[in-house]
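The values are calculated or read from the model by the stated rules, or taken from the named source; none is laboratory data. The structure displayed is predicted, hence computed values, not measured ones. Here the Cβ positions follow ideal geometry from the backbone for every residue, glycine too, while neighbour counts run over all protein chains shown.
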Amino acid sequence: MAIDTAWARQEFTNFLTLTELYHRADPPGMTVVSSRLSNRGPAAEIMASAQVVEQILDRVLPRWRSEIPDSQNRTVNRWVQHREAVQRAMVVLDREAEVREKLGDHAPQLSAATLHPWAWEGARSLWQSGHFREAVTAAARKVNAETQNKVGRRDVTESALFKEVFSVDEPRPGRPRLHAVPDDGSKTFGSVQRGVASFAEGCFAAIRNPNSHEAELSELPEHEALEQLAAFSVLARWVDTATLAS
């Protein structure tokens, strides 16, 4: 789902207005020397606005917390980092389509926030701090755990779990199945079931397992990590929409 640019800009503008910085007037007869600045808006309104603004920033500039310095939050004003992030994000919103068109890359864009929640919510915090390989591993764990929850099993995990639950065999007590498509006895049903199980094996064997040894590996480029995250999103969606047969 694309972001509502007009709404986002309005929220950003409101936040910048509330957090406008200024020097408080010195008390009568006193001269105060300080680098601290105050905000024009009431603290309660700023906090309420920030709750929304942070979510927009997470979509537009996912790494803003780690890439934009926060040192002046302590010496000048607590909202300095937010203000710079908002100003950068407004430029992105205003110019992104133009830049992509002028540079000749008008291909569809994939946003992590539009992936299945099991994949993105599992990875979000690590992703935003630039730990992409660990983020993908966290997403894999989340998808595995949610699959276990859906079938009520803890005795089997990862590739073996998916091979079990997407088997074409009839369910048995304590061993339910997940049907990605209705079981009409057709070759298509069997093909899809085997396909999901094989896809899951590939995800865990070729992505999750190597990534779990991240101390021995260099950090993933962000675009490559996003591709891996998308793979687990596909798997999560199959599990989430599958019919439980027990």
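Against the definition (under 25 Å from Phe12 (Cβ atoms), within 11 Å of the chain's Cα centre (by Cα) and aliphatic (A, V, I, L, M)), how does Ala135 come out, yes or no? I'd like the intermediate steps shown before the answer.
Values: under 25 Å from Phe12 (Cβ atoms): no; within 11 Å of the chain's Cα centre (by Cα): yes; aliphatic (A, V, I, L, M): yes.
No: the conditions fail for Ala135.
Quick check: anything in region 135-143 of a type outside the set (Asp, Glu), surrounded by fewer than 15 Cβ atoms within 10 Å (Cβ to Cβ) and more than 19 Å from Leu178 (Cα to Cα)? Lay out the reasoning, then the answer.
Taking region 135-143 as the starting set, the residues that turn out to be of a type outside the set (Asp, Glu) are 135-143.
With surrounded by fewer than 15 Cβ atoms within 10 Å (Cβ to Cβ) added as a condition, the list becomes none.
Within region 135-143 (the criterion being of a type outside the set (Asp, Glu), surrounded by fewer than 15 Cβ atoms within 10 Å (Cβ to Cβ) and more than 19 Å from Leu178 (Cα to Cα)), the answer is no, since none of the residues qualifies.
Would you confirm whether or not region 149-167 contains a residue that is within 30 Å of Trp64 (Cα to Cα) and in contact with a Phe, Trp or Tyr (Cβ under 7 Å, 6 or more places away or on another chain)? Can you show your working first?
First, pick out the residues of region 149-167 that are within 30 Å of Trp64 (Cα to Cα): none.
No, region 149-167 has no match at all.
Look at Phe204 and say whether it is under 24 Å from Leu115 (Cβ atoms) and assigned by TED's automatic domain parsing to the domain that holds Ala140. Steps first, answer last, please.
Details: under 24 Å from Leu115 (Cβ atoms): yes; assigned by TED's automatic domain parsing to the domain that holds Ala140: yes.
Taking the combined requirement at face value, the residue satisfies it.
Residues in region 53-87 that are within 23 Å of Trp7 (Cβ to Cβ) and either of a type outside the set (D, E, K, R) or modelled with pLDDT of 95 or more (or both): how many? Lay out the reasoning, then the answer.
Filtering region 53-87 for residues within 23 Å of Trp7 (Cβ to Cβ) gives 53-65, 68, 79, 81-87.
Cutting the leftovers down to either of a type outside the set (D, E, K, R) or modelled with pLDDT of 95 or more (or both) gives us 53-57, 60-62, 64, 68, 79, 81-87.
Number satisfying all stated conditions: 18.
From Leu220, Leu178, Leu229, which residue is touching a residue at least 24 places away in the same chain (Cβ under 8 Å), within 22 Å of Pro117 (Cα to Cα) and in contact with a strand residue (DSSP E or B) (Cβ under 8 Å, 6 or more places away or on another chain)?
Details: Leu220 fails: in contact with a strand residue (DSSP E or B) (Cβ under 8 Å, 6 or more places away or on another chain); Leu229 fails: in contact with a strand residue (DSSP E or B) (Cβ under 8 Å, 6 or more places away or on another chain).
Result: Leu178 is the single residue among Leu220, Leu178, Leu229 that is touching a residue at least 24 places away in the same chain (Cβ under 8 Å), within 22 Å of Pro117 (Cα to Cα) and in contact with a strand residue (DSSP E or B) (Cβ under 8 Å, 6 or more places away or on another chain).
Mind listing whichever residues of region 1-26 are of a type in the set (S, T, N, Q) and part of a loop (DSSP other than H, G, I, E, B)? Don't jump to the end; show me each part of the working.
Of region 1-26, the ones of a type in the set (S, T, N, Q) are 5, 10, 13-14, 17, 19.
Hit for region 1-26 is Thr19, nothing else.
Mind telling me which of the residues Gly185, Gly174, Gly152, Gly195 ends up being at positive phi, within 27 Å of the chain's Cα centre (by Cα) and surrounded by fewer than 17 Cβ atoms within 10 Å (Cβ to Cβ)? Even if it seems obvious, please write down each step before you answer.
Working: Gly185 fails: within 27 Å of the chain's Cα centre (by Cα); Gly174 fails: within 27 Å of the chain's Cα centre (by Cα); Gly195 fails: at positive phi.
When all the criteria are applied, what remains is Gly152.
Among the residues of region 1-37, write down those that are at pLDDT 90 or above and acidic (Asp, Glu).
Glu11, Glu20
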